[in-house]
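Report on the structure given below.
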Amino acid sequence: MLPAYDIIVVGAGPAGCAAARACARSGLSVLCIEEQGSIGYPVQCAGLLSRAAFEECVVSRRSIINTVTGARLISSTGHALVIDAKTPKAHVVDRGMLDREMAEAAADAGADFRLKTAVCDVRDDHVVTRGINGQEEFSFKILIAADGPRSTIARICGMERAPVFLAGIQAEGKRDCDPGLVELYPDASPEFFGWAIPSGNGRVRAGLCGTVQVRERFSAFVRRIGLLSDLHLVTGTIPLGVMPKTSGRRTLFVGDAAGFAKPTSGGGVYTGVRSARHAAVVAAACCENDTFSDTALAEYERRWQADIGRELSLGYRLFQMRQNLSTETVDRMILALDDPKIISEIVQHGDMDRPGNITGILMKKPALLRFLSPLLMSGIRSLL
C-alpha cells in the first residue's frame, strides 16, 4: 500500500512552504517534495521584498540584511529621478535563510519533507518520484504544484503555460551606492529593466531581465555601473502572465508555477505566498467535504482572482505597453515624472505589490499622457 498524504506539495520555495504550513496547521497530512538537496539554494531571486511580502512569509527578521526607503530611476541620458519615502518600503534579504525558516515553520506545523527528490510522473491520485531514496510512490488527495516557472507538474498535466518567460542574471559585488535607494535602469534591457540593489557594507546586487541577448546586455550593464569584484552570480527565469487555468485534475498551481510573478517588477514572493494561502483553504475544504472535482477546485481560481487578479492583469498590460516604448520615450517620461507633486503622489499612493491605484493616478497626468496617447489609441484604453 502506498504511503498516503492528504496534500502533496511539490517545491519548497516560499509558495510551497507557505502552502505546506497552512495545510498542516489545518490538520491535514502533508508531504513537501523538493528536488534540491538544500532548501533555499540555488538562489534564483534578486532578494528584494516589499514590507508586505516579507510579512506574508511570517518569519523572523534574521534574513534581513538591508532596508530601503525608495528608488532612483536613471534614464539613458543619466538623468536621475529620486523617489524616497524616507520610511522603510522594502527589505533586502538572504533568500536561503528566509526559505529555510519558512520550511522549518512548515515542518514544525507537521509537514514532512523529502529533499533531493523529484516528481517524474503523476498518475491519477499518486505521484512517482526519483531521488536519494530511489523510486518511490505517494498517494494524495490534493496536489499543490509550487515547482517554479518550468513546472514539471504543469508539463506532466499538459497545462498551458504563461505566455512570456524572461531570463535574468544578477551578480553581487562592490560599488559606491546610497544604501537606502534601489537603482532602476529602464534602458539596460528594453523588454524590462536593470537594477542595482544595495545589500549592505558597500555591496550591491546588480542584474537585469530580458528575452534576447541577456548575457551580453548584462556584461555591458555591470561595466556601465562600475560593479567591482563579482562575488556571486545568480540566473533565473521569470514567468509573466498567469496560465489560463490554475487548477484541475486534483491539482492547484501556485506561485511561479502558475505564472503569478508581478509583471511590473518580476517579484513573485508576495503573489506566490498569497496564492498558496488560497490553495490551502480550498484544499482543506475539499478534504473535509471529500470532493476533488474540477468544479470544487475552481474555488481556488475565484479566490486568487478576487485577491490579486486585477493587479496581475493590469501589470501584464503595462508590461505589453512597455514593449512599445522606445528608449527616447522612456527617457522623456522619466523627465516628465520629475515633478514634486507627482513624486509626492507616488510616495503617498505607490505600492510595490498593488500598483493599480498609482497607475490610474499617473495615467491621468497630462505630462505623461502625451507620451502614451499613441499607445492608448491602439488598444490600451482599458488601463484607464
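The values are calculated or read from the model by the stated rules, or taken from the named source; none is laboratory data. Note that the coordinates shown come from a computational prediction; the quantities given were computed from them, not determined experimentally. A quick note on method: Cβ atoms are made from the backbone with ideal geometry, for glycine too, and the neighbour counts reach across all protein chains shown. Ligands, DNA and RNA are excluded from the accessible area calculation, which covers all protein heavy atoms including side chains. Shrake-Rupley method; radii C 1.70, N 1.55, O 1.52, S 1.80 Å.
Only residues that are open to solvent by 30 Å² or more (accessible area, probe 1.4 Å), over 17 Å from Tyr41 (Cβ atoms) and of a type in the set (A, V, I, L, M, F, W, C) were counted in region 100-118, giving 2.
Filtered by the rule that a residue be over 20 Å from Ser265 (Cα atoms) and either hydroxyl-bearing (Ser, Thr, Tyr) or touching a residue at least 40 places away in the same chain (Cβ under 8 Å) (or both), region 147-165 gives Asp147, Ser151, Thr152, Ile153, Ala154, Cys157, Met159, Glu160.
For region 258-282, filtered to residues that are among the basic types (Lys, Arg) and under 30 Å from Ser139 (Cβ atoms), the residue that is surrounded by the fewest Cβ atoms within 10 Å (Cβ to Cβ) is Arg277. Taken over region 88-99, the residue count meeting the criterion of being open to solvent by 20 Å² or more (accessible area, probe 1.4 Å) and in contact with a helix residue (DSSP H, G or I) (Cβ under 9 Å, 6 or more places away or on another chain) is 3. Residues of region 237-257 that are in contact with a helix residue (DSSP H, G or I) (Cβ under 7 Å, 6 or more places away or on another chain), closer than 24 Å to Glu55 by Cβ and either free of Cβ contacts under 8 Å to residues at least 40 places away in the same chain or open to solvent by 20 Å² or more (accessible area, probe 1.4 Å) (or both): Val242, Asp256. Just give me the residues in region 119-135 being over 22 Å from Glu288 (Cα atoms) and surrounded by fewer than 17 Cβ atoms within 10 Å (Cβ to Cβ), in sequence order. Matches in region 119-135: Cys120, Asp121, Arg123, Val128, Arg130, Ile132, Asn133, Gly134, Gln135.
Put simply, of Leu325, Leu297, Leu314 the only residue that is of a type outside the set (Lys, Arg), open to solvent by less than 50 Å² (accessible area, probe 1.4 Å) and assigned to a loop (DSSP other than H, G, I, E, B) is Leu325.
Filtering region 237-280 to residues that are within 12 Å of the chain's Cα centre (by Cα) and at positive phi leaves Gly241, Gly255, Gly259, Gly266. Restricting region 333-354 to residues that are touching a helix residue (DSSP H, G or I) at 6+ places or on another chain (Cβ under 6 Å) and more than 28 Å from Val269 (Cα to Cα) leaves a set whose member that is most open to solvent (accessible area, probe 1.4 Å) is Met333.
Those strands (runs of 3 or more DSSP E) of region 23-108 in which at least 1 residues are free of Cβ contacts under 8 Å to residues at least 12 places away in the same chain and either aliphatic (A, V, I, L, M) or touching a His at 6+ places or on another chain (Cβ under 9 Å) (or both), considering only elements entirely within it, cover 80-84. Filtering region 187-230 to residues that are under 19 Å from Ser63 (Cα atoms), touching a residue at least 60 places away in the same chain (Cβ under 8 Å) and either crowded, with 17+ Cβ neighbours inside 10 Å or not small (Gly, Ala, Ser) (or both) leaves Ile197, Pro198, Ser199, Arg205. When Ala279, Ala306 are checked against the criterion of being part of a helix (DSSP H, G or I), modelled with pLDDT of 95 or more, of a type in the set (A, V, I, L, M, F, W, C) and touching a Leu at 6+ places or on another chain (Cβ under 6 Å), Ala279 stands alone in meeting it.
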